[in-house]
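Read the structure below first, then the notes.
The values are calculated or read from the model by the stated rules, or taken from the named source; none is laboratory data. The shown structure was predicted, so the numbers you read here are calculated from the model rather than taken from an experiment. Heads up, the Cβs are rebuilt from the backbone with ideal geometry, glycines too, and the neighbour counts pull from every protein chain shown.
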Ligand code: NAP
């Protein structure tokens with residue numbers, strides 16, 4: 001199925017590596033102008049340069065998504081340059097794992113701020129001009145652990161489950177303005193985030209994944225691009241697992 005994008009502009013957070021990079025590159029291949037956001041200027045800069053070198057349109061913006069004031073400043077600058085940003089993909093995320101009794105308040109706060117509160121800031125700032133234009137697509141990259149929990153990840157599971165509640169609330173608030181908001185919940189995807197897993201953990205995981213392999217970033221990007229397209233205009237408030245069949 002070919003996807004339609006009518007001269008759209010997208011902002012993808014965490015576009016410097018992994019899943020976000022794959023989403024940014026796929027949207028760009030569909031003719032979307034992509035604003036690549038990451039924490040370090042090097043990673044979003046390299047992705048934006050790569051898109052432009054391949055004939056696409058992209059712009060890099062380095063900002064710490066966990067810093068609300070910095071996000072506000074960055075969004076104001078971007079909206080002055082791009083009068084409409086039609087697509088928002090809230091993808092930036094981190095883990096700081098540990099069993100609850102050993103989890104520090106800093107590790108709790110950092111994970112909530114980076115994964116969840118960042119969605120609040122970006123959606124509020126980028127969503128307002130979307131409501132004026134009466135067209136928009138918002139996709140929040142959650143996780144299967146936000147649906148099923150995971151020992152040692154109370155902070156991350158809370159953030160990812162929070163993103164699902166946030167998605168459903170925004171879907172209802174923004175529906176009258178023709179803006180959809182959905183969540184994608186990846187399973188275990190091969191990126192820097194999962195590279196730290198010991199080899200035996202990877203093998204154990206494959207045992208609980210019906211499709212018997214870890215996912216690729218592109219697997220998540222394809223679902224996300226579909227949800228950002230014209231064709232997905234009647235889908236909102238949903239959570240789509242991309243997990244090789246782990247959650248059924
Ligand atoms: P990744 O390879 O570690 O890349 C994370 C990206 O997020 C990087 O570009 C990083 O920026 C950016 N980022 C992190 N903290 C940031 C901050 N404070 N401000 C701005 N940017 C920040 O991660 P990934 O595996 O692609 O994961 C992407 C999303 O999918 C995350 O939300 C993650 O929770 C979710 N997810 C991943 C998996 C998986 O198995 N990989 C499974 C379920 C859900 P820099 O490049 O500058 O460091």
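Here is how the numbers come out for the structure above:
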{"item": "Filtered residues of region 130-162 (kept if within 16 Å of the ligand (Cβ to nearest atom) and within 23 Å of residue 79 (Cβ to Cβ))", "result": "138, 139, 140, 141"}
{"item": "Tally of residues being surrounded by fewer than 24 Cβ atoms within 10 Å (Cβ to Cβ), near the ligand (Cβ under 9 Å from one of its atoms) and either touching a residue at least 24 places away in the same chain (Cβ under 8 Å) or in a strand (DSSP E or B) (or both) across region 19-41", "result": "2"}
{"item": "Residue check for residue 16: closer than 23 Å to residue 94 by Cβ, surrounded by 24 or more Cβ atoms within 10 Å (Cβ to Cβ) and in contact (Cβ under 8 Å) with a residue 12 or more places away in the chain", "result": "yes"}
{"item": "Members of region 42-56 that are surrounded by 16 or more Cβ atoms within 10 Å (Cβ to Cβ) and more than 14 Å from the ligand (Cβ to nearest atom)", "result": "51, 56"}
{"item": "Test: residue in region 217-229 that is away from the ligand (no atom under 13 Å from the Cβ) and within 18 Å of residue 119 (Cβ to Cβ)", "result": "yes"}
{"item": "Segments classed as helices (runs of 4 or more DSSP H), wholly inside region 145-248, with at least 3 members that are surrounded by 17 or more Cβ atoms within 10 Å (Cβ to Cβ) and at pLDDT 95 or above", "result": "145-148, 154-174, 217-228"}
{"item": "Single condition residue 195 does not satisfy, out of (1) in contact (Cβ under 8 Å) with a residue 12 or more places away in the chain; (2) closer than 30 Å to residue 210 by Cα; (3) within 11 Å of the ligand (Cβ to nearest atom)", "result": "(1)"}
{"item": "Boolean, residue 84 is at pLDDT below 95 and either under 18 Å from the mean Cα position of the chain (by Cα) or not in a helix (DSSP H, G or I) (or both)", "result": "yes"}
{"item": "Qualifying positions in region 92-136 - in a helix (DSSP H, G or I), without any contact (Cβ under 8 Å) to a residue 24 or more places away in the chain and over 20 Å from the mean Cα position of the chain (by Cα)", "result": "101, 102, 105, 106, 132"}
